[in-house]
Amino acid sequence: MLRGRKVQPVPDPRTRYTSSMVRQALFSMVDVTDKSFLELFCGSAVVSLEALSRGASRAVAVDVSKLATKVAMENAKKLNVELKVLCMDFRRFLEKNTERFDVAFLDPPYGLGLVEEALRWLVKKKTAEIIVVEKSKKEDVIVPEELEILKRKVYGDSELIILKYIQSTSV
């Protein structure tokens, strides 16, 4: 649907753009068809927009930066897709959110410890079935014990980790 259409990046050097190689890898590992999609630390919302183009039923993109959310809204409008964009801190969003998502994607700034904090919040609120993390390959992350790693792949300086809840075996 959106193949080949350009998404405007956020004009801020602190914001990293998720490369097409990483996005292709993500969507080859996680099927988003007819699934709800949450993107935390969304930047330009390129990952949410691609999820929608690959058949996600709906997407919500969250970022604390006013500039990033403005660019994300402009991208959605330019591509004529329905994307809910919220300008707020991920903690505040997760604290107030009552929706459950099939897939959550997070790509926080590298090296600030936000991956572990976001994972703790996602687990505490049981926000998503599948959680996908994009992080620096140099950054060590302790995964909460409620989650298990399904896949882990390195692409350049980035690492993708696909997580899901450990199924309870109690009878």
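What follows is calculated from the coordinates using simple rules that are stated; it is not laboratory data. Everything quoted here is computed from the prediction, not taken from an experiment. Don't worry about glycine lacking a Cβ; one is built from the backbone with ideal geometry, like all the others, and counts go over all protein chains shown.
With only alpha-carbon atoms in the gyration tensor, what are the semi-axes of the equivalent ellipsoid for the chain, in Å, largest first?
Values: eigenvalues 110, 60, 55 Å².
Semi-axes, largest first: 23, 17, 17 Å.
For the stretch 59-150, the Cα-based Rg and Dmax, in that order, read 13.8, 41 Å. The sum of -39500 (n - 2.57) across all DSSP H runs of n ≥ 4, divided by the residue count of the chain, sets its helix-only mean residue ellipticity at 222 nm to -9000 deg cm²/dmol. Sorting the segments 143-155, 102-114, 53-65, 23-35 by their mean number of nearby beta carbons within 10 angstrom, highest to lowest, gives 53-65, 102-114, 23-35, 143-155.
Rounded, prolate or oblate for the stretch 1-53? Axes are the square roots of the Cα gyration tensor eigenvalues, ordered a ≥ b ≥ c, and the cut-off for rounded is a/c under 1.5. Because a/c hits 1.5 or more and a/b exceeds b/c, the stretch 1-53 counts as prolate.
Taking only Cα atoms of the stretch 1-94, what ratio of Rg to Rh do you get with Rh as the Kirkwood inverse-distance radius? Intermediate values should be presented prior to the final figure.
Values: Rg = 12.2 Å, Rh = 13.1 Å.
Result for the stretch 1-94 is an Rg/Rh of 0.93.
Are there any trypsin sites (Lys or Arg not before Pro) in the stretch 89-147 that are in a DSSP loop and have at most 11 other Cβ atoms within 10 Å? List them by number.
Working: sites: Arg91, Arg92, Lys96, Arg100, Arg120, Lys124, Lys125, Lys126, Lys135, Lys137, Lys138; in loops: Arg100, Lys126, Lys137, Lys138.
Passing sites in the stretch 89-147 are Lys126, Lys138.
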